[in-house]
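K.L.:
Once you've had a glance at the structure underneath, I'll fire off some questions.
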Amino acid sequence: MKFNRAETERKIKVRQARSRLAKNLDKLEGERRYYLDKAKAARLKGETASYKLARSGLSATLTQAKRSREMLLNLDITAEMRDTGTATRDFLAGMDRIFRDISKLNKKINLRETRYALRNAMAGMENMQAGLDSLLVQTEESFGDLAEAGAVMSESELDRLIGRELSLDGEIGLDEMDAEIEADARARKGDAGADARARKGDAAPPVLRRKSGKPDEMSVFRIPIENLTAADSLKDLAKDAALDAARPPVGAGAAAPAPTEYRFPPLSLLDEGADNSAALAENSLAAERDAAEAEAALAELKVAARTAGVVTGPAYSRLLMAMPPGVSVSRVTPLLDDIAMRLKKRVRFEVPAPGQNAFGIEVENPVRETVRMREILDGEAFASAKKEGIVYAAGVDPDRRPILKNLADAPHLLIAGSSGSGKSCFIHAMLCSILYKYTPAEVKFALIDFKRVELTAYNGLPNLYGGAVIDNDADALALLGGLTDETERRYALLLENRCRQIGEYNARAAAADRLPYIAVFVDEYADISTGPSAKEYDTLMRGLAQKARAGGIHLVVATQRPSADILSGTVKNNFPAQAAFRVARKEDSRTVLAGQSGAELLLGKGDMLFNDPAGGIVRLQAPLVTMEEIERVTDYLKKG
């Protein structure tokens, strides 16, 4: 047989692909066991939030396993079909030879032998057809088994699966568990018109016991059945956990107390700003001197600009320089390094200056003033801001006016900056704004912190979606998968009520049926975009970024490595708002700010360029909020 290189290479690739799929199935089997064990442990402990996260991860793992099995089966089917095709080609070649002989028929050819060869060829064709029919039957049966084994399971089916695993482990009686589920389903069907919150407070929830029937702490399954159904799976996880903890012991006969009303933290928990009058006076004098020096330097460089004013900000001052008529401002831009050398300071040009018929030369102040978080939250602008969306304090401009942004208008925010530039402090300022502006029923935030040091103070807050700060791949994928499901659920609600976005839906809905906005914070994005699950993250993040806006789910992604290999085009295109702190290179600034440089010239410690899709790039000073202040605020909220 003649050697066929292409065919050999194809077979090698098929074997390699099959090996990869088999390894992936082994990995997914391990993840399935991990989520199943985690769900079983959470279910026995009565931890509703952890149970639902584990259940979401289990659902995602089963879906991935189904797809892998489909691909593996397709490979096998393709290989069988290709082998059948090879046999068919050989058969047709034989038939061709026979018919050529027939066409040359003469008296010297034995007709009996020719008929015998034709009969053998027909029998071979019939056998081949029978083999193909058998293969198709096996394929149909395999797909049927696949659909049964790997189909996406509903949440109630997942609950039953986990319950059966517990039964096999000897933890809970399966018959008793099934009886409890069926009884609860009948009860809920009879009370379909009642309010879900009222039902939770009327009586103690049903419990599942071990086969021993003893109502001790270890033998009672304390998670209410209604918290584990598909209808309730996307409600507030942290609030469910708090309600479960507040319920009385089984058999006490007392109704569960109503959840306590959210109390906003007082501003006294935040530090007051220091008196900056002396620093302001010194910075103003320095700015006047710099303006005169810059005007003289421009004159020496043949640019007849004059000083039109000085704006003294907390970290830098803006020198407004007016150009004479007929002089192009393009002559000024190449002179940045010359002006910086003359002033002996780091300089940035603003062309034109916002709201001015002049260009700005921004120079560093000799004394840096601190902008405290309390100064913004205590102002009239923050108190009177509308609560629709997610309003947060972004910082102050050079005139010290507080600048508020709405995450719902962004709709997603990208934060980038080198270590020590103020990136993490800005995230704390956003979270602090939410805690002081919104109740947990209005806005929630989910936190993914692989560094495990920045956001741990927020663990246990009622505002925290998912009940805990996420610090590992498995839980992060489960959380993002659950938010993807929540997005689809919210779209179904919007469609059903003929609404275009969540604000319109909440305006029409009753107070108990309103949907909270959800802000998802990811700190550090490089940890997930370069890890082993990078493709899964990219798929989930892209789906949320593209669809979640109308449903009130918004992403805030932070990274200290704003390079092109970390921030792909998919990410940048779906994050129209960016907050750029000081970066090391001009290329990094252009990666973050949609092609604009300037972030490499910032001063650090909260000095940032904020790119708003509506207002363009503005330079702001982010407010300072220390970890001591954050801990005081979170401790106050945890005490209730």
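The values are calculated or read from the model by the stated rules, or taken from the named source; none is laboratory data. Please read all numbers here as calculations on a predicted model, not as lab measurements. Virtual Cβ from ideal backbone geometry, glycine too; neighbours counted across all protein chains shown. Note: accessible area is taken over every heavy atom of the protein model, side chains too, but ligands, DNA and RNA are not part of it. Shrake-Rupley method; radii C 1.70, N 1.55, O 1.52, S 1.80 Å.
K.L.:
Considering amide H positions built from the backbone, and no H for Pro or chain starts, which residues 5 or more places from Ile403, or on another chain, come under 5 Å of its amide H?
P.N.:
Ala394, Gly395, Val396, Asp397
K.L.:
If we count every other residue with Cβ under 9 angstrom of Ala54's Cβ, Lys/Arg +1 and Asp/Glu -1, where does the sum land?
P.N.:
Charge balance near Ala54 sits at +3.
K.L.:
Next question. What percentage of the solvent-accessible surface of the stretch 260-393, computed with a 1.4 Å probe over protein heavy atoms, is contributed by carbon and sulfur atoms?
P.N.:
That fraction is 51 percent.
K.L.:
Another question about this same structure. Could you calculate the FRET efficiency of Leu495 with Ala441 from 1/(1 + (r/R0)^6), where r is the beta carbon distance between them and R0 is 35 Å, rounded to 0.05?
P.N.:
0.90
K.L.:
Moving to a separate point now. What's the FRET efficiency of Asp635 with Asp378 using the Cβ-Cβ distance as r and R₀ = 22 Å, to the nearest 0.05?
P.N.:
About 0.60, to the nearest 0.05.
K.L.:
Once both labels are modelled 7 Å past Cα along the beta-carbon direction, what's the Asn459-Lys386 spacing in nm?
P.N.:
Computed distance between label sites Asn459 and Lys386 equals 3.9 nm.
K.L.:
Something else now. Report the net charge of residues surrounding Arg498, where surrounding means a beta-carbon distance below 10 angstrom and charges are Lys +1, Arg +1, Asp -1, Glu -1.
P.N.:
0
K.L.:
Also, quick follow-up: Once fully extended, how much extra length lies between Asp473 and Lys586, figured as 0.36 nm per residue of separation less the alpha-carbon to alpha-carbon distance?
P.N.:
On the way: separation 113, 0.36 × 113 = 40.68 nm, distance 3.20 nm.
Extra length from Asp473 to Lys586 when fully extended: 37.5 nm.
K.L.:
When Lys and Arg each count +1 and Asp and Glu each count -1, what net charge do the other residues less than 14 Å away from Asn406, Cβ to Cβ, add up to?
P.N.:
Within the 14 Å Cβ shell, the charges total +1.
K.L.:
Here is a follow-up. Tell me, how many Å apart are the Cα centres for the stretch 314-392 and for the stretch 539-581?
P.N.:
27
K.L.:
Follow-up question, since we're still on this one. Please list, ordered by chain and number, the residues whose modelled amide H lies under 5 Å from the amide H of Val556; skip anything fewer than 5 residues away on the same chain.
P.N.:
Distant-sequence amide H within range of Val556: Leu413, Val520, Phe521, Val522.
K.L.:
Along each principal axis of its Cα atoms, how long is the stretch 352-437 end to end? Whole angstroms, biggest number first, please.
P.N.:
Principal-axis extents of the stretch 352-437 (Cα, largest first): 37, 33, 26 Å.
K.L.:
Also, quick follow-up: If each residue of separation counts as 0.36 nm, what is the full-extension length gain between Ser597 and Glu628 once their alpha-carbon separation is subtracted?
P.N.:
Result: 7.7 nm gained on full extension.
K.L.:
Taking H as built 1.01 Å from N, whose amide H comes closer than 5 Å to the amide H of Gly309, not counting residues under 5 places away?
P.N.:
When sequence neighbours closer than 5 places are left aside, the close amide H contacts are Leu320.
K.L.:
Given Cβ point charges of +1 (Lys, Arg) and -1 (Asp, Glu) and nothing else, what value in debye, to the nearest 20, does the dipole of the stretch 456-599 about its Cα centre take?
P.N.:
For this selection, approximately 700 debye.
K.L.:
Related question: What's the long-distance tail for the stretch 509-640, i.e. % of Cα pairs beyond 20 Å?
P.N.:
Details: 4868 of 8646 pairs.
More than 20 Å apart: 56 percent of the Cα pairs in the stretch 509-640.
K.L.:
Quick one: Karplus J couplings for the stretch 496-513, per residue in order, coefficients 6.51, -1.76, 1.60, θ = phi - 60°, nearest Hz, x for Gly and Pro?
P.N.:
Once θ is set to phi - 60°, the couplings for the stretch 496-513 become 5, 9, 6, 10, 8, 7, 5, x, 5, 5, 5, 5, 8, 7, 5, 4, 6, 9 Hz.
K.L.:
Still on this structure, I have one more. Take every DSSP beta bridge with both residues inside the stretch 332-489 and express the antiparallel ones as a percent of the total, to the nearest 5. Can you show the working numbers first?
P.N.:
Values: 9 of 11 bridges.
Antiparallel bridges: around 80 percent, rounded to the nearest 5.
K.L.:
With every protein chain left in place and a probe of 1.4 Å, what is the accessible surface of Asp513, to the nearest 10 Å²?
P.N.:
90
K.L.:
Run the numbers on the stretch 554-626 and let me know its relative contact order in percent, using alpha-carbon pairs under 8 Å that are six or more apart. Intermediate results must be reported in sequence, preceding the final value.
P.N.:
On the way: 96 pairs, mean separation 18.5, N = 73.
Normalised by residue count, the contact order of the stretch 554-626 is 25 percent.
K.L.:
Next question. Of Lys535/Lys572; Lys387/Lys437; Lys23/Lys66; Lys423/Lys638; Lys27/Lys66; Lys27/Lys535, which ones are farther than 18 Å apart at the Cα?
P.N.:
On the way: Lys535/Lys572 16 Å; Lys387/Lys437 8 Å; Lys23/Lys66 14 Å; Lys423/Lys638 26 Å; Lys27/Lys66 13 Å; Lys27/Lys535 16 Å.
Long pairs (Cα-Cα over 18 Å): Lys423/Lys638.
K.L.:
Would you please give the FRET efficiency between Ala512 and Asn120, computed as 1/(1 + (r/R0)^6) with r the Cβ-Cβ distance and R0 = 60 Å, to the nearest 0.05?
P.N.:
Efficiency, rounded to the nearest 0.05: 0.15.
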